[in-house]
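Asks: Pasting in a structure now, in C-alpha cells, and then I'll have a few things to ask.
The values are calculated or read from the model by the stated rules, or taken from the named source; none is laboratory data. Every value quoted in this text rests on a predicted model; they were computed, and no experiment measured them. Every residue, glycine as well, gets a Cβ built from its backbone with ideal geometry; the counts of neighbours run over all protein chains shown.
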Amino acid sequence: MERSGQRGGPAVSEVPVVVVAEGRPLADALAGTDARVERVAPDAVVPDALDGARIAFAVGEPALLAVARHRPETPIAPVAAGVGRYDLAERAAGAVVEAAGDGDLRTVAHPLFDVAVAGERAGSAVADVTLLTAEPARISEFGIGSTDGWFETVRADGVVVATPLGSTGYARDAGAPVIAPGTGLVAVPVSAYAMHAHPWVLRPPMSLSVERDEADVTLRLDDEEVRSVPPDAPVDVGTNGSLSLVAARQFSTD
C-alpha cells in the first residue's frame, strides 16, 4: 500500500485509489494528494481487485481493457490508453482524486458489447467488434443490419463496430467518426473495395454477417482473435451493461 502524503488531514480523508499499470506511473501526479494508492499490474487484475477503491486509474490500453473486462462499478480514469478525447492527462490525476474526495467526480457511462455467433455466445468487448479476412488484402462481402429492418452489404477486407469509447481507435483509423456516449454504435468497413464506402451510426442491437464464401473470416473482440465465422452465420452485436468512466472534460487543461 502506498500513501501519497496527505495534506495534513486525518486518515478518514484518504481516497482509496487503484493504479493499474506496469511500473510506477502517476507517482509524481499523486504525490501530496489524499490518495491511498494500491498498484496492480494489468495481468494481475482480478474481479475483486478494485473493491473499496473510489477511482481506478488505468494507464495504457492493456490496463484499460484488463480493468474494463471485469465490469467494475468503480469509476475508471484512462490515462495514455489511446482513447483520444476520453483519455485524462497524467497531470490531472491529483485533481481527479480531489474531486472524488469532495464528492464532485463526474462520470460518463460507456456501453459494453455482448456478442454471439449463430446463437452461441462468443464473448464481450469494451471497444470494438471486428470481422476480418484471415489473409491481408483478401476481400469478402459483409452484411450489416439493424433491428428495424435496415440492411446493407459491403465488399471489404472486414468491418468493425465500435462503442463510443472504441470509436477513437481502430474504427477511426478505418474512417469512422468519433461518437459521443449515448449516440449508439458506429460501423465502418475496413479497406472497402468501393471508393465511397461510408460508416453507419446505429442503435444496438445490430448484426453482422459474411455474405460470400470467398475467404476465411475471423471474429476479433477488442484485441483478441476469438473464432472463425462461416458464411451466413449471424453475428449478433448487442450491449450488456456499461463502464463508468471519469469525465475527462471536467479536468481539461486546454
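Asks: Against the definition (within 20 Å of VAL237 (Cα to Cα) and charged (D, E, K, R)), how does GLU224 come out, yes or no?
Replies: Values: within 20 Å of VAL237 (Cα to Cα): yes; charged (D, E, K, R): yes.
So GLU224 passes the test.
Let's see how each residue does on (1) charged (D, E, K, R); (2) free of Cβ contacts under 8 Å to residues at least 12 places away in the same chain; (3) in the same structural domain as PRO231 (by TED's automatic domain parsing); (4) farther than 23 Å from LEU185 by Cα:
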{"residue": "ALA49", "(1), (2), (3), (4)": "no, no, no, yes"}
{"residue": "ILE55", "(1), (2), (3), (4)": "no, no, no, yes"}
{"residue": "HIS70", "(1), (2), (3), (4)": "no, no, no, no"}
{"residue": "ILE76", "(1), (2), (3), (4)": "no, no, no, no"}
{"residue": "GLU90", "(1), (2), (3), (4)": "yes, no, no, yes"}
{"residue": "ALA127", "(1), (2), (3), (4)": "no, no, yes, no"}
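Asks: Of all the residues that make up the range 170-193, how many are within 18 Å of GLY145 (Cβ to Cβ) and in a loop (DSSP other than H, G, I, E, B)?
Replies: 3
Asks: How many residues does the range 39-84 contain that are of a type outside the set (Lys, Arg) and surrounded by fewer than 17 Cβ atoms within 10 Å (Cβ to Cβ)?
Replies: Summing the residues that are of a type outside the set (Lys, Arg) and surrounded by fewer than 17 Cβ atoms within 10 Å (Cβ to Cβ) in the range 39-84 gives 12.
Asks: Sort out for me the strands (runs of 3 or more DSSP E) sitting completely within the range 66-139 that have 2 or more residues that are over 15 Å from SER252 (Cβ atoms) and of a type in the set (A, V, I, L, M, F, W, C). Talk me through it step by step, then tell me what you get.
Replies: Details: elements: 76-79, 107-117, 120-125, 128-133.
Of the strands (runs of 3 or more DSSP E) lying wholly inside the range 66-139, those with at least 2 residues that are over 15 Å from SER252 (Cβ atoms) and of a type in the set (A, V, I, L, M, F, W, C) span 107-117, 120-125, 128-133.
Asks: OK, next. Being in contact with a strand residue (DSSP E or B) (Cβ under 7 Å, 6 or more places away or on another chain) and surrounded by fewer than 19 Cβ atoms within 10 Å (Cβ to Cβ) is the filter; apply it to the range 165-183 and report the residue that is nearest to LEU132 (Cα to Cα).
Replies: In this case the residue turns out to be GLY175.
Asks: Same structure again: Any idea which residue in the range 184-216 is surrounded by the fewest Cβ atoms within 10 Å (Cβ to Cβ), counting only those that are among the β-branched types (Val, Ile, Thr) and in contact (Cβ under 8 Å) with a residue 60 or more places away in the chain?
Replies: VAL190
Asks: Could you list, in sequence order, all residues of the range 92-119 that are among the small types (Gly, Ala, Ser) and under 28 Å from GLY184 (Cβ atoms)?
Replies: The answer is ALA109, ALA116, ALA118, GLY119.
Yes/no per residue for (1) in contact with a Phe, Trp or Tyr (Cβ under 7 Å, 6 or more places away or on another chain); (2) among the basic types (Lys, Arg); (3) crowded, with 19+ Cβ neighbours inside 10 Å; (4) at pLDDT 95 or above:
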site: ALA116; (1), (2), (3), (4): no, no, no, yes
site: VAL129; (1), (2), (3), (4): yes, no, yes, yes
site: ALA134; (1), (2), (3), (4): no, no, no, no
site: SER146; (1), (2), (3), (4): no, no, no, no
site: GLY149; (1), (2), (3), (4): no, no, no, no
site: VAL160; (1), (2), (3), (4): yes, no, yes, yes
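Asks: Please indicate, with yes or no, whether at least one residue in the range 236-245 is assigned to a loop (DSSP other than H, G, I, E, B), more than 20 Å from ALA68 (Cβ to Cβ) and not β-branched (Val, Ile, Thr).
Replies: Within the range 236-245, none of the residues are assigned to a loop (DSSP other than H, G, I, E, B), more than 20 Å from ALA68 (Cβ to Cβ) and not β-branched (Val, Ile, Thr).
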